[in-house]
Amino acid sequence: MFASPQLGVDLGTMNVRLFSQAKGLLFDEPAAVAYNRQADKLMAIGQKAKQMIGKTPPHVDVTYPLRNGVIADFDRAKALLQQVFKQSGKQLGPSFKKPDVVMSVPFHATSVERRSFYEIAKHCGAKHIHFIEEPVAAAIGADLPVGEPVANVVVHLGAGKTEAAIISFGGVVIWHALHRHRGATLKG
(Lines give C-alpha, C1' and ligand atoms only; values in the text may rest on other atoms or scores of the structure.)
Protein backbone atom coordinates (compact mmCIF):
# COMPACT_ATOMS: atom_id res chain seq x y z
CA MET A 1 0.00 0.00 0.00
CA PHE A 2 1.30 3.46 -0.93
CA ALA A 3 1.38 6.32 1.55
CA SER A 4 -0.58 9.43 0.59
CA PRO A 5 1.62 11.94 -1.18
CA GLN A 6 2.04 15.28 0.53
CA LEU A 7 1.38 18.21 -1.78
CA GLY A 8 1.67 21.95 -1.40
CA VAL A 9 -0.80 23.98 -3.48
CA ASP A 10 -0.56 27.68 -4.24
CA LEU A 11 -3.69 28.59 -6.20
CA GLY A 12 -3.01 32.24 -6.92
CA THR A 13 -4.56 35.04 -8.89
CA MET A 14 -2.10 34.74 -11.78
CA ASN A 15 -0.23 31.46 -11.20
CA VAL A 16 -0.85 28.02 -9.78
CA ARG A 17 1.92 25.91 -8.29
CA LEU A 18 1.92 22.34 -7.07
CA PHE A 19 4.81 21.02 -5.03
CA SER A 20 5.41 17.42 -3.98
CA GLN A 21 7.54 16.68 -0.96
CA ALA A 22 8.91 13.65 -2.81
CA LYS A 23 9.39 15.06 -6.34
CA GLY A 24 9.70 18.85 -5.94
CA LEU A 25 7.87 21.36 -8.13
CA LEU A 26 5.36 19.51 -10.32
CA PHE A 27 3.38 22.38 -11.83
CA ASP A 28 4.11 26.10 -12.18
CA GLU A 29 2.00 27.82 -14.82
CA PRO A 30 -0.47 30.66 -15.26
CA ALA A 31 -3.84 30.16 -13.51
CA ALA A 32 -5.61 30.65 -16.84
CA VAL A 33 -8.56 28.57 -18.03
CA ALA A 34 -9.89 28.37 -21.61
CA TYR A 35 -13.50 27.20 -21.69
CA ASN A 36 -15.77 26.54 -24.69
CA ARG A 37 -19.30 27.62 -23.67
CA GLN A 38 -20.96 26.08 -26.76
CA ALA A 39 -19.52 22.63 -26.11
CA ASP A 40 -19.56 23.12 -22.30
CA LYS A 41 -15.99 21.87 -22.28
CA LEU A 42 -12.65 22.84 -20.78
CA MET A 43 -10.18 23.42 -23.61
CA ALA A 44 -6.91 24.27 -21.89
CA ILE A 45 -5.29 25.46 -18.69
CA GLY A 46 -2.04 27.13 -17.79
CA GLN A 47 0.35 28.36 -20.45
CA LYS A 48 -1.74 26.89 -23.29
CA ALA A 49 -4.80 28.82 -22.12
CA LYS A 50 -2.83 32.03 -21.60
CA GLN A 51 -1.55 31.85 -25.18
CA MET A 52 -5.17 31.82 -26.37
CA ILE A 53 -5.98 35.25 -24.89
CA GLY A 54 -7.28 37.54 -27.65
CA LYS A 55 -7.22 34.71 -30.23
CA THR A 56 -10.49 32.91 -29.56
CA PRO A 57 -13.99 33.07 -31.04
CA PRO A 58 -16.70 34.70 -28.89
CA HIS A 59 -17.94 31.36 -27.47
CA VAL A 60 -14.51 30.60 -25.92
CA ASP A 61 -13.65 32.36 -22.66
CA VAL A 62 -10.12 32.61 -21.35
CA THR A 63 -10.27 33.66 -17.72
CA TYR A 64 -8.37 33.69 -14.47
CA PRO A 65 -10.81 32.26 -11.89
CA LEU A 66 -9.25 34.02 -8.87
CA ARG A 67 -9.38 37.72 -8.01
CA ASN A 68 -7.26 39.33 -5.29
CA GLY A 69 -6.10 35.89 -4.20
CA VAL A 70 -9.58 34.41 -3.62
CA ILE A 71 -11.88 32.33 -5.78
CA ALA A 72 -14.12 34.43 -8.02
CA ASP A 73 -15.36 31.61 -10.31
CA PHE A 74 -15.78 28.39 -8.34
CA ASP A 75 -16.46 26.08 -11.30
CA ARG A 76 -13.50 27.28 -13.36
CA ALA A 77 -11.17 27.20 -10.35
CA LYS A 78 -12.30 23.64 -9.66
CA ALA A 79 -11.70 22.64 -13.29
CA LEU A 80 -8.26 24.26 -13.16
CA LEU A 81 -7.18 22.41 -10.03
CA GLN A 82 -8.60 19.12 -11.33
CA GLN A 83 -6.45 19.40 -14.43
CA VAL A 84 -3.38 20.41 -12.41
CA PHE A 85 -3.86 17.31 -10.23
CA LYS A 86 -4.46 15.13 -13.30
CA GLN A 87 -1.31 16.34 -15.07
CA SER A 88 0.79 16.13 -11.91
CA GLY A 89 -0.60 12.72 -10.98
CA LYS A 90 1.12 11.26 -14.02
CA GLN A 91 4.48 12.30 -12.57
CA LEU A 92 3.73 10.74 -9.18
CA GLY A 93 2.32 7.47 -10.47
CA PRO A 94 0.00 5.24 -8.45
CA SER A 95 0.89 6.90 -5.15
CA PHE A 96 -1.06 10.02 -6.20
CA LYS A 97 -4.44 8.71 -4.99
CA LYS A 98 -5.93 10.78 -2.17
CA PRO A 99 -3.07 13.23 -1.46
CA ASP A 100 -2.64 15.17 1.75
CA VAL A 101 -2.73 18.83 0.75
CA VAL A 102 -1.35 21.98 2.36
CA MET A 103 -2.93 24.94 0.59
CA SER A 104 -1.88 28.54 0.95
CA VAL A 105 -4.70 31.02 1.53
CA PRO A 106 -4.63 34.79 1.79
CA PHE A 107 -4.43 36.11 5.32
CA HIS A 108 -7.51 38.24 4.64
CA ALA A 109 -9.65 35.32 3.38
CA THR A 110 -13.02 35.00 5.09
CA SER A 111 -14.33 31.70 6.39
CA VAL A 112 -16.57 31.44 3.29
CA GLU A 113 -13.59 32.03 0.99
CA ARG A 114 -11.54 29.42 2.90
CA ARG A 115 -14.43 27.00 2.56
CA SER A 116 -14.33 27.47 -1.23
CA PHE A 117 -10.64 26.52 -1.28
CA TYR A 118 -11.43 23.51 0.92
CA GLU A 119 -14.32 22.34 -1.29
CA ILE A 120 -12.26 22.60 -4.47
CA ALA A 121 -9.37 20.60 -2.99
CA LYS A 122 -11.78 17.99 -1.59
CA HIS A 123 -13.54 17.69 -4.95
CA CYS A 124 -10.16 17.10 -6.61
CA GLY A 125 -9.53 14.10 -4.36
CA ALA A 126 -7.54 15.50 -1.44
CA LYS A 127 -7.66 13.22 1.59
CA HIS A 128 -6.68 15.81 4.21
CA ILE A 129 -6.56 19.56 3.61
CA HIS A 130 -4.62 21.99 5.76
CA PHE A 131 -4.39 25.73 5.26
CA ILE A 132 -1.36 27.92 5.74
CA GLU A 133 -1.64 31.67 5.49
CA GLU A 134 0.38 33.06 2.59
CA PRO A 135 2.65 35.34 4.69
CA VAL A 136 3.58 32.43 6.97
CA ALA A 137 4.19 30.15 3.98
CA ALA A 138 6.42 32.81 2.41
CA ALA A 139 8.40 33.17 5.64
CA ILE A 140 8.88 29.40 5.90
CA GLY A 141 9.92 29.28 2.24
CA ALA A 142 12.48 32.00 2.92
CA ASP A 143 13.81 29.91 5.83
CA LEU A 144 13.02 32.60 8.39
CA PRO A 145 12.78 31.59 12.06
CA VAL A 146 8.99 31.90 12.15
CA GLY A 147 8.49 30.01 15.41
CA GLU A 148 10.85 32.18 17.42
CA PRO A 149 10.03 35.34 19.41
CA VAL A 150 11.57 37.65 16.82
CA ALA A 151 9.87 39.83 14.24
CA ASN A 152 10.13 38.64 10.65
CA VAL A 153 8.87 40.99 7.94
CA VAL A 154 7.51 39.39 4.79
CA VAL A 155 6.38 41.29 1.69
CA HIS A 156 4.39 39.39 -0.92
CA LEU A 157 4.00 41.07 -4.31
CA GLY A 158 1.07 39.35 -5.99
CA ALA A 159 -0.97 40.09 -9.07
CA GLY A 160 -4.12 41.02 -7.16
CA LYS A 161 -2.60 42.46 -4.03
CA THR A 162 0.60 43.36 -2.24
CA GLU A 163 0.86 42.21 1.37
CA ALA A 164 3.30 43.03 4.13
CA ALA A 165 3.20 41.08 7.37
CA ILE A 166 5.16 40.83 10.57
CA ILE A 167 5.44 37.24 11.74
CA SER A 168 6.48 36.01 15.17
CA PHE A 169 5.81 32.80 17.14
CA GLY A 170 4.53 31.11 13.96
CA GLY A 171 1.73 33.58 13.25
CA VAL A 172 0.90 36.95 11.79
CA VAL A 173 1.21 39.80 14.31
CA ILE A 174 0.14 42.62 11.99
CA TRP A 175 -0.71 42.73 8.34
CA HIS A 176 -1.21 45.39 5.69
CA ALA A 177 -2.44 44.88 2.14
CA LEU A 178 -2.91 47.01 -0.91
CA HIS A 179 -5.52 45.55 -3.23
CA ARG A 180 -5.36 46.33 -6.89
CA HIS A 181 -7.89 49.10 -7.62
CA ARG A 182 -9.31 48.93 -4.10
CA GLY A 183 -6.95 50.89 -1.85
CA ALA A 184 -5.39 49.88 1.41
CA THR A 185 -6.70 47.71 4.22
CA LEU A 186 -5.08 47.51 7.63
CA LYS A 187 -5.62 44.48 9.86
CA GLY A 188 -3.94 43.61 13.08
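Among the residues of the range 139-174, which ones are in contact with a Ser or Thr (Cβ under 9 Å, 6 or more places away or on another chain), closer than 24 Å to T13 by Cα and modelled with pLDDT of 90 or more?
Once the filter is applied, which keeps residues that are in contact with a Ser or Thr (Cβ under 9 Å, 6 or more places away or on another chain), closer than 24 Å to T13 by Cα and modelled with pLDDT of 90 or more, the range 139-174 yields only V155.
Give me the pairs, please: first residue somewhere in the range 65-90 and within 19 Å of G160 (Cα to Cα), second residue anywhere and modelled with pLDDT of 95 or more and of a type in the set (F, W, Y), beta-carbon distance under 9 Å, and either six or more positions apart or on two chains.
P65/F74; V70/F117; I71/F117; A72/Y64; D73/Y64; R76/Y35; R76/Y64; A77/F117
Here is a list: K48, K86. Which entry is out of contact with any Leu (no Cβ under 8 Å at 6 or more places or on another chain), part of a helix (DSSP H, G or I) and modelled with pLDDT of 95 or more?
K48
Hey, among Q82, Q21, which residue is of a type in the set (S, T, N, Q), within 19 Å of H128 (Cβ to Cβ) and touching a strand residue (DSSP E or B) at 6+ places or on another chain (Cβ under 7 Å)? Even if it seems obvious, please write down each step before you answer.
On the way: Q82 fails: touching a strand residue (DSSP E or B) at 6+ places or on another chain (Cβ under 7 Å).
None of the others qualify; the one that does is Q21.
Here are V70, V101, V105: which of them is under 30 Å from V153 (Cα atoms), hydrophobic (A, V, I, L, M, F, W, C), surrounded by 20 or more Cβ atoms within 10 Å (Cβ to Cβ) and touching a Pro at 6+ places or on another chain (Cβ under 8 Å)?
V70
Within the range 157-177, how many residues turn out to be surrounded by 15 or more Cβ atoms within 10 Å (Cβ to Cβ), out of contact with any helix residue (DSSP H, G or I) (no Cβ under 7 Å at 6 or more places or on another chain) and closer than 15 Å to G147 by Cβ?
Total satisfying the criteria: 2.
When the residues of the range 23-46 are filtered to those that are within 30 Å of E163 (Cα to Cα) and among the aliphatic types (A, V, I, L, M), which remaining residue is surrounded by the fewest Cβ atoms within 10 Å (Cβ to Cβ)?
L25
Would you confirm whether any residue within the range 110-128 is touching a residue at least 24 places away in the same chain (Cβ under 8 Å), buried (at least 20 other Cβ atoms within 10 Å of the Cβ) and more than 18 Å from L81 (Cα to Cα)?
Taking every residue of the range 110-128 in turn, none turns out to be touching a residue at least 24 places away in the same chain (Cβ under 8 Å), buried (at least 20 other Cβ atoms within 10 Å of the Cβ) and more than 18 Å from L81 (Cα to Cα).
Has the range 55-66 got any residue that is of a type in the set (D, E), at pLDDT 90 or above and surrounded by fewer than 20 Cβ atoms within 10 Å (Cβ to Cβ)?
Among the residues of the range 55-66, at least one is of a type in the set (D, E), at pLDDT 90 or above and surrounded by fewer than 20 Cβ atoms within 10 Å (Cβ to Cβ), which makes the answer yes.
The values are calculated or read from the model by the stated rules, or taken from the named source; none is laboratory data. Just so we're clear, the structure is a prediction, and the values are computed from it rather than from any experiment. Every residue, glycine among them, receives a Cβ derived from its backbone with ideal geometry; neighbour counts consider all protein chains shown.
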